[in-house]
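Here the structure comes first, spelled out in structure tokens, and everything after it is commentary.
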Amino acid sequence: MRHYILILFSLIVVSQVEAQQLQTSSLYDMQGVFHNPSTAGVKNSMVGVSYRSQWSGISGSPKTATVFGSFGIPSMKIGIGGYIYSDKTGPTSRTGVQLAFAKHIVMANGGTFSLGIEAKGQQYSLDRAKLTATLGADPALGTSENRFVFDAGFGISYTGKKLQLGASVSNLVQSKLNFYSGNLGTNEQARLYRHYFFHGSYKWDVDGSTTITPNFLAIYLPNAPTEIQGGVRVEHKELFFWGLSFRAKQSFMLSAGLHINKKFTVAYAFDIYQTPLSVYDAGANAHEMLLRYNILK
């Protein structure tokens with residue numbers, strides 16, 4: 001019986017690690033180096049916090065808190081940045097830190113081509129008390145509660161006055177998690193998997209006071225569905241904005257925000273899920289809040 005439970009537990013772990021292991025955000029493009037280390041310090045210098053609560057009507061639903069920063073040093077043509085996060089889902093949790101460094105190359109047209117690297121440390125934790133209530137004294141739960149692993153990433157991007165394009169890869173090392181170290185063997189190895197990100201946006205100045213910015217984000221990793229997100233954001237006089245986005249086969253997203261004195265930004269995003277939950281399930285939506293302070297214009 002224990003062998004069957006161990007196999008089931010291993011499949012659960014593998015299915016989780018072969019799905020997306022890195023948190024995402026409906027306001028990813030407002031959080032500095034969230035998906036691409038090469039964007040550190042390119043547009044401006046900032047610090048901020050965000051909090052995301054997903055599927056609030058379900059016990060143990062995902063909750064993510066992030067503190068982020070991005071700083072440009074024009075005299076050295078470099079950027080530095082990073083974030084600290086806490087991500088909890090049911091009996092599992094992840095706490096980590098990411099540090100990014102970017103080299104900026106100013107182009108003849110005024111745009112910036114940037115190369116970036118990142119170093120990451122992540123602690124994965126299992127709450128055995130929540131698991132043993134249903135799985136009992138399975139040997140897979142008796143070996144470890146925590147695993148701390150290091151990994152790295154790389155990114156490139158181009159940022160002009162209107163256009164931004166970028167690509168990056170995270171979890172390059174694909175560090176092993178190794179929660180189980182007993183005598184019973186498994187055919188699969190729990191580990192981090194490489195995530196590939198592709199993103200872009202174009203800022204269209206409509207009438208001198210209103211801008212419309214179409215944007216997209218694609219996330220790919222082996223053995224998991226590719227996530228594609230696209231949308232548009234409308235901003236008026238650098239004072240307030242609203243946006244509408246769509247995450248393919250998952251959700252619609254509404255967002256809005258306010259810029260105070262062109263320094264302090266308050267933003268909110270609301271996700272309306274269709275799958276794996278729908279609008280007919282209680283608490284099947286997601287809420288995200290962001291506070292950001294621009295140190296330099």
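The values are calculated or read from the model by the stated rules, or taken from the named source; none is laboratory data. If you're wondering where the values come from, they're calculated on a predicted model, not measured in any experiment. Keep in mind that these areas ignore ligands, DNA and RNA; they rest on the heavy atoms of the full protein, side chains included. Shrake-Rupley method; radii C 1.70, N 1.55, O 1.52, S 1.80 Å.
Ignoring ligands, DNA and RNA, how do ASP207, ASP127 rank by accessible area with a 1.4 Å probe, largest first?
Most to least solvent-accessible, the answer reads ASP207, ASP127.
If each residue of separation counts as 0.36 nm, what is the full-extension length gain between TYR293 and LEU172 once their alpha-carbon separation is subtracted?
Result for the pair: 40.4 nm of gain on full extension.
Whole-Hz Karplus ³J(HN,Hα) for segment 114-122, in order, using 6.51 cos²θ - 1.76 cosθ + 1.60 and θ = phi - 60°, x for Gly and Pro?
Values, residue by residue: 9, 10, x, 10, 9, 10, 10, x, 9 Hz.
Among the lysines, which fall within straight-line cross-link reach of LYS262, defined as a Cα-Cα distance under 27 Å, with same-chain neighbours fewer than 8 residues apart omitted?
LYS43, LYS77, LYS103, LYS161, LYS162, LYS203, LYS237, LYS297
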